[in-house]
Amino acid sequence: MGLHTEKNLPVKAAASKRAVWRKRVRDNKFAYMLMVPTIIFMLLVHLLPMIQGFWMSFLKLNQFTLGKYLKAPFVGIDNYVGLLFNSDNPVRQGLNFAIRNTAIYAVIVTIGVMVMGLMMAMLLNRDFPGRSIARTAMLLPWVVPSYVVGVLWGFMWQQNGIINYFLVDVLHLYAEKPFWLLGPNTIWAIIIPTIWRGWPFLMVIFLAGLQTIPEDIYEAATIDGAGKLRQFWNMTLPMLKPVIAVQLLFQIINNVYSYNIVSTMFGNGAGYPGEWGDLLMTALTRQSFGYWSFGSGSAASIMLMFAMLMIVGVWYRAFRTELNAQ
Amino acid sequence: MSTHRKRSVSSFLLTSVTWLIVILTIFPILWMVFTSLHSNDQILNGITTFSLPKPQWVNYINMWDTVNFAVYFRNSLLICGATTLLAGTFAVLAGYALARFDFPGSKLFSMSIISTQLIPGIMFLFPIYLMFLWIKNTFGLPMINTYWGMILVYTAFYTPISIWIMRSFFVSIPRDLEESATIDGCTKFQAFYKIILPLSLPGIIATSIFIFLTAWDELLFAWVLTTSSDVQTIPVGIRLFVGQYNTRYDLLMAASTVVTVPVMVIFFMTQKYFISGMTAGAVKG
């Protein structure tokens with residue numbers, strides 16, 4: 001008898017687990033009803049294209065097979081092999097430069113917006129005359145559309161433009177007016193406007209974060225003899241670390257996938273800045289559509305996605321404690 | 001006394017540095033407006049004085065004639081407006097479900113919402129482009145060069161992040177409100193509709209503005225999925241403008257100013273809601 005019940009126990013537990021699960025589904029009917037529109041939409045315009053993208057990365061999809069859509073010839077991992085090892089692959093052209101530039105761009109912009117954002121948040125968290133005007137004014141670049149940022153800065157970077165006027169005629173930093181939209185300087189012509197547009201948002205986020213830190217802990221630290229710098233390192237930064245962690249990830253993702261500023265700043269809207277300023281998104285779009293090479297393009301975007309997943313993995317390991325504490 | 005003086009000196013320095021950065025920050029925007037009031041000859045010779053000779057308001061008239069900006073404007077307003085309405089509605093419904101109910105699948109859904117942000121847009125671009133072509137070839141239903149094609153794509157893209165913003169907003173509203181309402185005889189839907197929705201208006205406004213501004217800024221998909229000026233949006237229009245009239249900086253700067261103004265107006269009218277809504281999610285997690 002005892003043996004009998006023991007045998008049945010796991011079965012019973014599983015059955016009751018299932019019953020609990022069913023009850024939870026039934027109890028949450030309302031929640032599911034709220035989710036239905038979103039789920040349908042995300043399945044159709046997120047999951048479906050993604051699955052197609054995976055499938056397309058194994059197909060020979062070019063101008064001749066385009067009409068066959070998903071029935072184009074299956075070529076296995078040829079697209080991946082071609083991208084990695086065949087330097088004649090059209091989508092591969094200039095990709096090395098684009099990867100290098102994107103890495104430099106993403107790192108410098110991310111650090112730039114975080115440092116500038118935090119610095120301005122701390123400066124604007126002080127009490128000084130005209131503070132609210134300064135705060136509002138600082139938000140302006142954030143509201144300028146990114147395609148306007150490309151056009152506007154492209155205009156300002158011109159050889160006889162206003163930036164060279166300041167650098168050469170006013171500050172005398174260079175003997176001759178440098179070219180900013182040509183050669184190795186190009187990367188700065190992209191980085192600086194991106195930082196300019198990006199830091200106000202970080203400033204807003206950090207300001208909100210700073211305001212959650214109680215004033216009295218600074219007073220206590222001052223009485224204990226801790227200098228401003230020590231207070232910043234030992235109190236402000238650790239308190240802001242969860243906010244910094246989240247924004248760091250969003251910034252890296254945004255900057256690696258950056259497209260608009262480069263595409264409106266260069267080549268009269270054609271968006272090719274040359275090997276010193278080309279980014280991954282502009283390069284991949286241009287090459288894939290230029291050569292109607294959608295199989296390779298899909299393979300490249302999937303590899304990019306996995307590279308990003310690895311970055312997220314590293315990020316998660318680095319900030320695990322802060323993220324779980326929230 | 002000396003420490004006091006030292007402090008006031010450093011305070012003065014910090015304030016000066018702050019204002020210097022503020023001026024440098026807004027300078028490019030002022031420069032855009034300032035340039036737009038010059039004739040093209042003056043611009044090509046290089047403007048180096050900050051005094052305005054005679055405002056060339058005519059640029060602001062000519063820009064509408066040279067390029068069909070009125071149509072681009074209409075298209076952007078229509079597409080971004082409809083996207084905001086749709087994605088905003090989805091975000092309110094799903095955000096509420098995720099904030100309040102612990103239902104089977106809610107964790108999976110939250111995870112997938114966040115992971116959509118990792119996917120490069122280009123990964124959707126090729127499949128969606130080919131899928132749109134296929135739908136047209138198979139069913140005769142045009143998708144490329146249509147409003148609904150663009151609205152569909154934008155709604156799908158901006159829904160996940162909007163759900164996340166709305167969710168953090170709903171989380172910040174105390175649960176007791178619905179609980180006491182249900183005790184008073186309200187259904188779950190009535191509690192949501194009559195009590196929570198009015199309270200979450202600031203969050204809804206913030207999310208809507210976020211969606212609108214993001215859609216207003218989108219170039220890559222609009223560039224690929226629209227080829228006829230009947231449905232092209234402002235970013236595409238500006239990019240085409242640069243391509244055709246690359247030396248007409250007078251018109252280009254006027255157009256840049258005009259497309260920035262609506263965004264600024266919307267933003268500053270709703271700044272209070274927008275910032276509190278955005279930071280609520282970012283700071284509280």
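Computed from the coordinates by the stated procedures, all read-outs in this text should not be read as laboratory data. What you see is a predicted model; the values in this text were computed from it and never measured. Cβ sites come from the backbone with ideal geometry, for glycine too, and all protein chains shown count toward neighbours.
Got a sec? Charge dipole of the range B:59-279, +1 on Cβ for Lys and Arg, -1 for Asp and Glu; which of B:Phe109, B:Val265, B:Pro198 is way out at the positive end?
Toward the positive end, the furthest listed residue is B:Phe109.
Take the Cα pairs of chain A, get the Kirkwood Rh, then feed it into Stokes-Einstein at 4 °C and 1.567 mPa s and tell me D in µm²/s. Before the final figure, lay out each step's value.
Values: Rh = 24.4 Å.
Rounded to a whole number, D works out at 53 µm²/s.
Would you mind giving the mean number of other chain beta-carbons within 10 Å of the Cβ of each residue in A:42-52, as a whole number? Numbers along the way, then the final one.
Details: counts 10, 1, 3, 10, 9, 2, 5, 12, 5, 1, 7.
Average per residue, whole number: 6.
Per residue, how much space in cubic angstrom lies within the convex hull of the C-alpha atoms of the range B:1-124? Don't skip to the end; give the middle numbers.
On the way: hull volume 35.6 nm³, N = 124.
Taking only Cα atoms, the range B:1-124 has a hull volume of 287 Å³ per residue.
If you count, for every residue in B:191-199, the Cβ atoms of partner chains within 10 Å of its Cβ, what is the mean?
Details: counts 1, 2, 0, 0, 0, 0, 0, 0, 0.
If you average over the peptide's residues, the count of other-chain Cβ atoms is 0.
Starting from 0 in steps of 5 Å, tell me what percent of the Cα-Cα pairs of the range B:81-175 lands in each bin.
Calculated P(r), rounded to whole percents: 2, 13, 19, 19, 17, 13, 9, 5, 2, 1, 0.
Work out the length of the dipole vector of the range A:61-132 about its Cα centre, built from +1 on the beta-carbon of each Lys and Arg and -1 on the beta-carbon of each Asp and Glu, and round it to the nearest 20 debye. Walk me through the intermediate numbers first.
Numbers: 6 positive and 3 negative charges, 28 e Å.
I would put it at about 140 debye.
Got a sec? How would A:Ile40, B:Ile205 order by Cβ neighbour count within 10 Å, fewest to most?
Numbers: A:Ile40 11, B:Ile205 17.
If I rank by nearby Cβ atoms, fewest first, I get A:Ile40, B:Ile205.
Return the average number of partner chain Cβ atoms within 10 angstrom of each residue Cβ along peptide B:20-32. Spell out each step's value before the answer.
On the way: counts 0, 8, 11, 2, 2, 11, 5, 4, 13, 7, 1, 6, 7.
The mean count of partner-chain Cβ atoms within 10 Å per residue comes to 6.
Arrange B:Asp176, A:Asp78 by Cβ neighbour counts within 10 Å, fewest through most, would you? Don't skip to the answer; put the middle values down first.
Values: B:Asp176 8, A:Asp78 18.
Ordered by Cβ neighbours within 10 Å, fewest first: B:Asp176, A:Asp78.
What number, in nm² with one decimal, is the all-direction average of the projected area of the convex hull of the alpha-carbon atoms of chain B?
On the way: hull surface 94.6 nm².
Average projection, Cα convex hull of chain B: 23.7 nm².
Please report, in debye to the nearest 20, how large the charge dipole of the protein assembly as shown is about its Cα centre when each Lys and Arg carries +1 at its beta carbon and each Asp and Glu carries -1 there.
Working: 41 positive and 25 negative charges, 324 e Å.
Approximately 1560 debye in magnitude.
Hey, what number do you get for chain A at 222 nm if only DSSP H runs of n ≥ 4 count, each worth -39500 (n - 2.57), divided across all residues, to the nearest 500? Please list the in-between numbers first.
Values: 14 runs with 219 residues, N = 326.
Roughly -22000 deg cm²/dmol at 222 nm, from the helical runs in chain A.
Scanning chain B for helices, which whole DSSP H stretches are 18 Å or more long along the axis (Cα) and average 1.6 or more by Kyte-Doolittle? The partial results should precede the final answer.
Details: long enough: B:2-36 (51 Å, 1.04); B:69-100 (45 Å, 1.25); B:121-139 (26 Å, 1.45); B:147-171 (34 Å, 1.16); B:201-216 (22 Å, 1.86); B:249-269 (30 Å, 1.88); B:271-284 (19 Å, 0.15).
Sorted by number, the helices that extend far enough and score high enough are B:201-216, B:249-269.
Just list whichever of B:Lys194/B:Lys272; A:Lys29/B:Lys272; B:Lys188/B:Lys272 have alpha carbons separated by over 27 Å in the model shown. All intermediate terms of the calculation are to be shown ahead of the outcome.
Working: B:Lys194/B:Lys272 24 Å; A:Lys29/B:Lys272 36 Å; B:Lys188/B:Lys272 30 Å.
Result: A:Lys29/B:Lys272; B:Lys188/B:Lys272 exceed 27 Å.
Could you give the alpha-carbon Rg of the range A:31-162 over 2.2 N^0.38 Å, rounded to two decimals?
1.69
Given +1 on the Cβ of Lys and Arg, -1 on the Cβ of Asp and Glu, and no further charges, what dipole in debye does chain B carry about its Cα centre, rounded to the nearest 20?
Values: 16 positive and 11 negative charges, 139 e Å.
Magnitude of the dipole: close to 660 debye.
Given A:Ile192, A:Phe250, A:Leu240, which one lies farthest toward the positive end of the charge dipole of the range A:169-326, if we put +1 on the Cβ of every Lys and Arg and -1 on the Cβ of every Asp and Glu?
Result: A:Phe250.
Find the Cα radius of gyration of the range B:91-147, compare it with 2.2 N^0.38 Å by division, and give the number to two decimals.
Details: Rg = 16.5 Å, N = 57, 2.2 N^0.38 = 10.2 Å.
Against the compact-globule rule of thumb, the ratio is 1.62.
Select from B:Arg100, B:Arg248, B:Arg74 the residue whose mean-square fluctuation is largest in a Gaussian network model of chain B (Cα-Cα springs shorter than 10 Å).
Comparing B:Arg100, B:Arg248, B:Arg74 in a Gaussian network model of chain B, the most mobile one is B:Arg100.
How about the range B:34-132: which chymotrypsin sites (Phe, Trp or Tyr not before Pro) there are in a DSSP loop, with at most 12 other Cβ atoms within 10 Å of their Cβ? The partial results should precede the final answer.
Working: sites: B:Phe34, B:Phe50, B:Trp57, B:Tyr60, B:Trp64, B:Phe69, B:Tyr72, B:Phe73, B:Phe90, B:Tyr96, B:Phe101, B:Phe109, B:Phe124, B:Tyr129, B:Phe132; in loops: B:Phe50, B:Trp57, B:Phe101.
Loop-located and lightly packed - B:Phe50, B:Trp57.
So how do B:Phe139, A:Phe294 line up by other beta-carbon neighbours within 10 Å, fewest first? Please list the in-between numbers first.
Numbers: B:Phe139 9, A:Phe294 28.
Ordered from fewest to most neighbouring Cβ atoms within 10 Å, B:Phe139, A:Phe294 come out as B:Phe139, A:Phe294.
Along the charge dipole of chain A, Cβ charges K/R +1 and D/E -1, which of A:Ser293, A:Gln231, A:Leu171 sits furthest on the positive end?
A:Ser293
For the protein assembly as shown, what mean projected area does the convex hull of the alpha carbons give, in nm²?
Spelled out: convex hull of the Cα atoms, projected over all directions, averaged, 38.1 nm².
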